[in-house]
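Read through the structure below, which is laid out as structure tokens, and then see the notes.
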Amino acid sequence: MLSKKLPRSGRHLLRRSFATVIKPPLSALGASARAKAEQLSADWKGTSATGENTKNFLGGEFVESKTQSWIDVVDPATQTLLTRVPETTSSEFEQAVAAASEAYTTWSRTSVLTRQRFALELQHLLRNNADAIANSIVLEQGKTLTDAHGDLLRGLQVAETTCNITSALLGDTIEVSKDMDTSTRRLPLGVCASIAPFNFPAMIPLWTIPMALTTGNTLIVKPSERDPGAAMIIAELCQRAGLPAGVLNVVHGTVPTVNAICDHPSIKAVSFVGGDRAGKHIYERGRKSGKRVQCNMGAKNHAVLMPDANMNHALNSLIGAAFGAAGQRCMAVSVAVLVGNSQSWLPELCERASKLSVNQGFEKGADLGPVISPAAKQRITSLIASAEEQGGKVVLDGRGKQVPGYPDGNWIGPTVVEATVDMRCYREEIFGPVLVVLKADTLDDALAIINSNPYGNGTAIFTQSGATARKFEREVEVGQVGINVPIPVPLPMFSWSGNKGSFLGDVPFYGRGGVDFYTQNKTTTALWRAEDAIGNKASVDMPTHH
Ligand code: NAD
């Protein structure tokens, strides 16, 4: 099936003013990528990578939307139209909520063993279909194939931990008085919703799908409109894993669909991961309609290089964390704070970073791919330019990067900018392959910089001193800390713990927090007097009334 021109709404042409309006044909993908796109379209019901529409998943069916408003999904390396996602209509959205509400009445009452069995089947299917999911991510999101497998793996780990749901849901019980027992059970909330960003098309839907479902809820997922394919494959795998119709539904769209989620009275909880603007809006709107809401948002993650660090390890870690995934990770190191003599490592840092290979994600040896869109590229390059205008120094410049064979890709090479804390490039999240370098005289100065920053997602220190590491860990006001570890994303036996401006809500994603978020406690006190038991032997003793 070749890509074909389909009518597009004027609204999206306007909204995507940086997009190339004339899309190249599918052949522009190159033979290997095109073969993968055709395979994906043939193998999976809900998604397409050959120009057809992505479907909604409603009540167990992959359904073509009747909307008039479609959003193009394009390959960021070539601008080829891969698929289009619908702005789900109100009646389709209502169908999703109705299906989830109906399914809840039975799913919430299924045995916990049935839900554990689903998790066991799902993790197996995810692993067996990793190539398809990773291929979809490379095509739609642009990251390298190895990184796309990592994207899935970090989500798969959440699915794996939910295989332990039989223990995670164990409640408490104690005899509080004679013949009187109090017990607490964890019960599901009802219909929940999950809204995902573009940068981890598999991992972030998988932060919520297995947690919400194994705890007995039903779920409506809204993937990013820029790369919906991985979520659609995951939805089909849930179905293959035996999930009954309606327990998981997928709707696509942008702000109107998100607002419908925030406002619907039948939806009890909303999980959001994405940028600050959307996160604040969703938190306020969702809370206003009485929902439980958790929002993971933007970041500015600092890595401190102490002069006693192992230079080789520190520089390689920093480069991987700053430029991997083209800097489009919420835990990417976007600021390096060079303390004292480590400032002399800057030329070596730039030298090593300049050697990274920027290329299309399926190409051999690619270290980082394109950024997500021409608009994102424009935004990132303008932030680099702002540093120059404000007196900063671009010491490694990735602007103007060309990749042979891919003239239309959204390329930006690794970029390093010497700056100060008052500059825009430091104050705003760049979300691209740009490392801002600050200088500090002492560890205390570095701590003061980090603690003054409004974000609190992640931070790292590189040092050979346990005492220095301990002081840093104790005093830094950031929720996820790495010591000689550049991207300290907690595995899902722990919970996500970004804080300050990077999080809104009370209960975090996955791990014990995930179980807490998707459940409510019911505490029951019951009195069953032993003497009321029937069939007792009559007492013939003299009554003494005590
Ligand atoms: P985004 O906020 O643009 O989009 C996220 C989701 O919200 C999408 O599904 C989108 O359709 C919807 N949305 C966008 N604008 C909206 C609006 N105004 N009102 C309502 N809904 C809206 O984010 P993105 O560009 O897809 O992702 C990148 C951002 O996500 C970065 O800021 C990054 O730091 C953040 N992120 C954070 C974490 C974390 O765990 N803290 C993880 C991944 C990404």
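The values are calculated or read from the model by the stated rules, or taken from the named source; none is laboratory data. If you're wondering where the values come from, they're calculated on a predicted model, not measured in any experiment. With ideal geometry, Cβ positions are generated from the backbone for all residues, glycine too; neighbour counts draw on all protein chains shown. Protein only, heavy atoms only, side chains kept; ligands, DNA and RNA dropped before computing areas. Shrake-Rupley method; radii C 1.70, N 1.55, O 1.52, S 1.80 Å.
Can you find a residue that is at positive phi, near the ligand (Cβ under 10 Å from one of its atoms) and either modelled with pLDDT of 95 or more or buried (at least 24 other Cβ atoms within 10 Å of the Cβ) (or both) anywhere in segment 283-300?
no
Would you tally the residues in segment 75-115 being over 23 Å from residue 252 (Cα atoms) and either open to solvent by 20 Å² or more (accessible area, probe 1.4 Å) or part of a helix (DSSP H, G or I) (or both)?
So the answer is 11.
For segment 152-241, give me every one of the strands (runs of 3 or more DSSP E) that falls completely inside it and has 3 or more residues that are surrounded by fewer than 18 Cβ atoms within 10 Å (Cβ to Cβ).
Answer list for segment 152-241: 172-177, 180-188.
If a residue must be out of contact with any Asp or Glu (no Cβ under 7 Å at 6 or more places or on another chain) and within 13 Å of residue 250 (Cα to Cα), how many such residues does segment 45-74 contain?
Total meeting the criteria: 9.
For segment 528-546, state whether one or more residues are modelled with pLDDT of 95 or more and not in a loop (DSSP other than H, G, I, E, B).
no
Hey, can you tell me all the residues within segment 353-378 that are surrounded by fewer than 19 Cβ atoms within 10 Å (Cβ to Cβ), in a helix (DSSP H, G or I) and away from the ligand (no atom under 16 Å from the Cβ)?
354
Inspect all residues belonging to segment 431-439 and state whether any of them is open to solvent by 10 Å² or more (accessible area, probe 1.4 Å) and within 26 Å of residue 199 (Cα to Cα).
yes
Which of the residues spanning segment 440-462 are surrounded by 24 or more Cβ atoms within 10 Å (Cβ to Cβ) and either of a type outside the set (Gly, Ala, Ser) or within 25 Å of the chain's Cα centre (by Cα) (or both)?
450, 455, 457, 458, 459, 460, 461, 462
Can you pull out the residues in segment 254-269 that are within 11 Å of the ligand (Cβ to nearest atom) and either modelled with pLDDT under 95 or buried (at least 19 other Cβ atoms within 10 Å of the Cβ) (or both)?
254, 257, 258, 260, 261, 262
Exactly one condition in (1) closer than 26 Å to residue 127 by Cβ; (2) touching a Gly at 6+ places or on another chain (Cβ under 8 Å) is false for residue 268; which is it?
Failing condition for residue 268: (1).
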